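The structure under discussion appears below in the form of structure tokens.
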Ligand code: URA
């Protein structure tokens with residue numbers, strides 16, 4: 001995991017271009033072979049390693065960063081706000097809390113009672129990969145429980161518990177006394193953490209999502225949002241690439 005402020009190691013140019021939205025790796029190799037890509041104002045070579053934090057990369061003379069028009073917001077969702085674009089019951093929604101244009105949609109969902117980090121974007125491809133269990137992107141939660149979990153409960157959560165829609169995958173679980181658990185999962189089933197904790201006899205009284213893949217932010221106030229940094233977008237793309 002790349003920590004906040006750490007630089008990613010240089011990567012092959014075609015991989016960087018593919019992740020920035022210039023098509024498949026093969027298509028990006030062709031862009032390079034056709035002489036359309038420059039690194040630090042010199043014609044690029046296939047396989048050259050670059051670091052977007054320090055190298056100037058351009059395609060057809062246009063600087064490569066994030067594909068133009070794509071936006072990525074990190075919101076700290078307060079309790080009571082629903083994760084949909086519009087709510088028939090008229091409750092406030094997460095899209096009411098971020099800029100109206102360009103239109104973005106939430107990446108996965110947090111239930112109305114759950115607080116914490118939620119991504120909103122108009123990048124459908126990344127959103128799909130972040131939510132699909134196949135890509136295994138971790139989501140970390142801090143759960144406050146009705147009672148202290150027993151060692152057996154913690155063990156059961158780690159190994160996977162039986163829910164009415166099937167067993168859960170093994171989870172990372174750490175006790176946060178008193179009555180708390182830090183729990184990391186990579187599935188995104190409906191009310192999954194609440195149901196897992198209830199299944200081991202420890203109902204959740206408060207649930208906060210504290211991390212999505214490499215992205216965390218302890219300083220973001222409930223109801224506030226900020227754009228992701230380029231390093232965070234790249235970190236998410238990396239986390240969702242295998
Ligand atoms: N698990 C839950 O129970 N609720 C959420 O909102 C997210 C994960």
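What the pair-distance distribution of segment 138-212 shows, using all Cα-Cα distances binned every 5 Å from zero, is 3, 18, 34, 28, 14, 2, 0 percent. Centre-to-centre, using Cα atoms only, segment 193-223 and segment 154-191 are separated by 11 Å.
Derived from the Cα gyration tensor, the three semi-axes of the equivalent ellipsoid of segment 50-161 are 33, 22, 12 Å, largest first. Let me know the shape class of segment 11-64, please: from the alpha-carbon gyration tensor, a ≥ b ≥ c as square roots of the eigenvalues, rounded when a/c is under 1.5, otherwise prolate if a/b is greater than b/c, or oblate. Taking the square roots of the gyration eigenvalues as a ≥ b ≥ c, segment 11-64 is rounded. The tail of the calculated P(r) for the chain beyond 32 Å holds 30 percent of all Cα-Cα pairs.
Here is how the number arises for the chain: DSSP H runs of 4 or more residues each give -39500 (n - 2.57), the sum is divided by the residue count, and the result at 222 nm is -6000 deg cm²/dmol.
Readers should treat all values here as calculations from the given coordinates under stated rules, not as data from a laboratory. Note that this is a predicted model, so its numbers are computed, not measured.
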